[in-house]
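**Student:** Dropping the structure in here first, questions after.
Nothing in this text is a laboratory measurement; each read-out follows from the coordinates by a stated rule. Keep in mind it's a predicted model, so treat the numbers as computed, not measured. No Cβ is skipped: glycine too gets one built from the backbone with ideal geometry, and neighbour counts run over all protein chains shown.
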Amino acid sequence: MSRFGIQVLKGFVGNILTAVIGFVGSIVFARVLGPTGYGAFYVISAVVKLADNPVKGFSTAGKKRLSESDARESEIAGGALLVGALVTLVLCPLVLLFGIPFVDVEGERNFFVILFIGMLFFKLLQPLIAGSGKFGAPTLLDSGRSFFTITFQLTLVLLGWGVGGMVVGLALGSAVMLPFSFRVLGIQPAWPSLDVVRNMWEYARWSMPKSVVGSAISRMDVVLLSTVLTTGAAGQYRVAMNVLIPATFVSGVIGSGVFIETSETVSQDESPRERIELGIGFTSILAIPIFFGALAMPADIVTTIYGNQYKVAGTLLIGLAAYKFFETQSDQLLSAISGFDRPDLRFYISLGVLVTNVTLGIILLSEIGILGIVVATLITGALRWLVSLYLTRQLIDFDILPDPLRKQFAAGLIMLAVVLPLHRTVGVAWWGELLALVSVGAIVYGVVLLIISSHLRVALRSLADQTFAG
C-alpha cells in the first residue's frame, strides 16, 4: 500500500490544486467570453487534443515499457521525444496550408499551430513520468501548468485578446513547465536503438490509434454540438462538464497506478487481482456523491456558479454525472487490460464506443437537441463499462462489486435523503446557500462512509502511517 498510496495522495492533491485553479478561471472566462467565445476555445482545444493523440499513444507505449523490469530508460525517453518532433514537423505545415476541416473559428490555423506546439512535449512527458513509478507526479506538474496558464490567459483576455488569449495562455503555461517535467522524469534521453523502437512499436501500434479514438470519444461531443448546433451549445456542454471535474480526482491517479502495478506484477508472473479490486473499490469515491448531489439540485449548481446564461447546462448535469460514474469504473478495467499488455483490446473497445457514440449522437441530436448528446454519451459509457468488465474478467477473476463500492452507494443514498428535502426547503439564492448545502452533503457522506466502511478506515490509517513515516 505504501508506494501506491503515497502516489495516489500526491495525485489527489495535484488534482485538487488543478481543479481549484481551473475552476476559478473557467468561471471568469465563461462569463467574460460568453457561451460562443468560450465554446470556440474548446472547439480549437478539442481539435488539437485529437491531433496530438498519435504522439500521446507512442508516449503511452513508453510508459508501459518503462514500467517493466528490464527497461532501457534513456532510449525509451529518446524514442518518445523523437516521434513528437517528427509529428510536429509534418503536421503543423499541413494545417497552415490546408486548414482544419469542419472547424469554423476565425484564425483557427494559427491557433492550432500555437496550441499544438505549446502543449505537445509537456503532454508527451507525463506518461513517461508515470511509467517511471511516479504516477502521482504528473497531476502536481499539471497543477503548476494550470497556475501559469490561468495567469497568462487572464492577462491576455483582459487585454482584449479574446479566444486568442486563451490559446496563447495555454501554450505558454505548458511550455513553462517543460524544464520541471524533465527534472521530475530524471532520465537523460538518448538516441533509441532499433530494438527499443521495435519494442515500443509493438505496443504503440495499438495504443496510438486507441489514443486517437479515445480522445475522439471525449471530444466528439463538443465537435458535434458546434457543427450541428452552435459553439454556444458546446459552451453549455463544457460548463456542465466543468462542474463534474472533481468526479475523476481519484480515478485518474488510481487508474495510472493500476496500469503500472498490473504491468509490473504480470511481468513477474504474479497476480494483480488485489490491486484491481482496490482500484474498482475506491475509484468512484467522489463520482458517487457528485451524482447524488446532481440529482438533488442540478440547475442551482450551474446557474449559481456560472450565471443564468448557462441554465441549459443544468439540464445536462444529471445524465453527465451518471456517465462519470461509468467512466471512473471503466478507467480501472481498461488500465488493467493495458497492464496485461493487451492494448489491442483497448483499441477495439474504444473504436466500438466511438462508432456507437457518434451514431447515437447524430441521431439523438437531430431528434431532441443538446440533450441527445447527453443520452448518447450515457448509453455509450454504460456499454464501454460492460464490455470492459467482460474482457477484463477473461484475463483475471476478481470481485466486480467490492465492499468499498457498495458502502459508497449506501452513503450516497443517505446523503441524498438529507440534502434533497433540505434544498427544497431552503432553496439556493446565492453562493453562500449553495456552499452550505454542498458542505452538508459532503459531511454526511464522509461521516457515514467512515462509520460503515472498514476498508476506508484501514486505507486511511495505512496512508497516514506511510505519510508521516516518510
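**Student:** Going by the alpha-carbon gyration tensor, a ≥ b ≥ c the square roots of its eigenvalues, is the range 167-216 rounded (a/c under 1.5) or, if a/c is not under 1.5, prolate (a/b greater than b/c) versus oblate?
**Tutor:** In terms of gyration-tensor shape, oblate.
**Student:** Which peptide among 90-99, 350-359 comes first, and what is the full order, when sorted by highest mean count of other Cβ atoms within 10 Å?
**Tutor:** 350-359, 90-99
**Student:** Below 8 Å, C-alpha to C-alpha, sequence gap of six or more: please give me the relative contact order for the chain in percent.
**Tutor:** 19 percent
**Student:** Excluding residues on the same chain fewer than 8 positions from Lys311, give the lysines whose Cα lies under 21 Å from its Cα.
**Tutor:** Once the sequence-local lysines are set aside, what remains near Lys311 is Lys324.
**Student:** Could you give the radius of gyration (one decimal) and Dmax (whole number) of the Cα atoms in the range 199-256, in Å?
**Tutor:** 15.2, 45
**Student:** Could you sort the peptides 448-457, 324-333, 370-379 by per-residue average Cβ neighbour count (10 Å cutoff), highest mean leading?
**Tutor:** Put in order of decreasing packing, that is 324-333, 370-379, 448-457.
**Student:** Packing-wise, with mean Cβ within 10 Å as the measure, how do 122-134, 44-56, 400-412 rank, highest first?
**Tutor:** The densest-packed peptide leads the list: 122-134, 44-56, 400-412.
**Student:** With a Förster radius of 22 Å, plug the Cβ-Cβ distance of Thr155 and Trp431 into 1/(1 + (r/R0)^6) and report the FRET value to the nearest 0.05.
**Tutor:** Efficiency computed from Cβ-Cβ geometry: 0.30.
**Student:** Let me ask you something else. When the dipole is taken about the Cα centre of the chain, and only Lys, Arg (+1) and Asp, Glu (-1) are charged at their Cβ, what size is it in debye, to the nearest 20?
**Tutor:** It works out to roughly 440 debye.
**Student:** Under 17 Å from the 7 Å Cα→Cβ point of Thr315, by amide nitrogen: which residues of the range 208-225?
**Tutor:** Residues 225 fall inside that zone.
**Student:** A further question follows. Per residue, what volume in Å³ does the convex hull of the Cα atoms of the chain enclose?
**Tutor:** 139 Å³
**Student:** Another question about this same structure. Return the whole-Å distance between the Cα centroid of the range 143-211 and the Cα centroid of the range 332-373.
**Tutor:** 25 Å
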